[in-house]
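Some notes on the structure that comes next.
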Amino acid sequence: VYNIGSDQEVSILELAHRVKALTGSASRVVTVPYEAAYEAGFEDMRRRVPDLAKIRDLLGHAPSTGLDAILSSVIAYERERLTLQRQLLHLRFNLANIFRDLGRLEEARQLDETVLNEQVELLGPHHPHTLMTAGSLAADLRSLGRYEEALKHDEATYASWVEIFGEDNPRTLYALSN
């Protein structure tokens with residue numbers, strides 16, 4: 001077994017604070033008692049300090065990238081990945097609208113439903129893109145003659161627009177017209 005990483009000791013709490021600082025997050029760091037995190041009888045090392053001597057001897061090289069640089073790299077990667085994922089979801093939303101315009105109604109509904117579920121997970125239920133897709137799904141349902149389902153989606157979407165953006169927001173007014 002070879003340890004690859006850093007022999008710098010960092011507690012999980014310190015790591016959480018470093019990640020929070022590097023991301024600029026306003027999140028709270030919440031601690032959970034060991035007994036609540038692990039089932040009875042589970043034993044874990046309370047302190048880890050890797051010994052890198054074995055890997056240094058094998059390779060003649062010691063890791064030189066610090067923890068903050070590694071964390072910054074991972075954070076940048078994740079931010080880029082999330083940006084691309086949001087863009088891809090928006091493109092798929094547009095594709096569903098094209099399907100509906102072409103009369104490929106069931107394909108539009110299926111795609112909007114998938115995109116909506118992914119947007120709720122990624123962006124949250126009240127993000128403008130999520131609400132736009134919810135309205136698009138309602139339009140799909142109306143086009144398929146599923147009026148009761150469409151009305152439920154339209155009412156929920158409109159209520160969310162009003163709650164989050166107010167009655168005079170252009171998108172709120174557009175949702176009202178559905």
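Quick note: the coordinates plus some simple rules give every number you see, no bench work behind them. Given the structure is predicted, the values throughout are model-derived calculations rather than measurements. Cβ placement follows ideal geometry from the backbone for every residue including glycine, while neighbour counts extend to all protein chains displayed.
Could you tell me whether Tyr38 is hydroxyl-bearing (Ser, Thr, Tyr) and more than 31 Å from the chain's Cα centre (by Cα)?
No, not satisfied.
Would you check which residues across the stretch 166-178 are under 27 Å from the mean Cα position of the chain (by Cα) and farther than 21 Å from Ala139 by Cα and list them?
Gly166
Out of everything in the stretch 1-30 that is polar (S, T, N, Q) and under 17 Å from Leu67 (Cα atoms), what residue ends up being nearest to the chain's Cα centre (by Cα)?
Thr23
Restricting the search to the stretch 89-112, which residues are surrounded by 15 or more Cβ atoms within 10 Å (Cβ to Cβ), of a type in the set (Asp, Glu) and out of contact with any Ser or Thr (no Cβ under 8 Å at 6 or more places or on another chain)?
Once the filter is applied, which keeps residues that are surrounded by 15 or more Cβ atoms within 10 Å (Cβ to Cβ), of a type in the set (Asp, Glu) and out of contact with any Ser or Thr (no Cβ under 8 Å at 6 or more places or on another chain), the stretch 89-112 yields only Glu107.
Which residue out of Leu141, Leu123, Leu116 is farther than 19 Å from Leu91 by Cα and of a type in the set (A, V, I, L, M)?
Among Leu141, Leu123, Leu116, only Leu141 is farther than 19 Å from Leu91 by Cα and of a type in the set (A, V, I, L, M).
Return only the number of the condition from (1) touching a Ser or Thr at 6+ places or on another chain (Cβ under 6 Å); (2) assigned to a helix (DSSP H, G or I); (3) closer than 30 Å to Ser25 by Cα that Gly135 does not satisfy.
The number of the failed condition is (3).
Do the conditions hold for Thr114, that is, is it touching a Phe, Trp or Tyr at 6+ places or on another chain (Cβ under 7 Å) and in a helix (DSSP H, G or I)?
No, not satisfied.
Can you pull out the residues in the stretch 150-173 that are of a type in the set (S, T, N, Q) and assigned to a helix (DSSP H, G or I)?
Thr157, Ser160, Thr172
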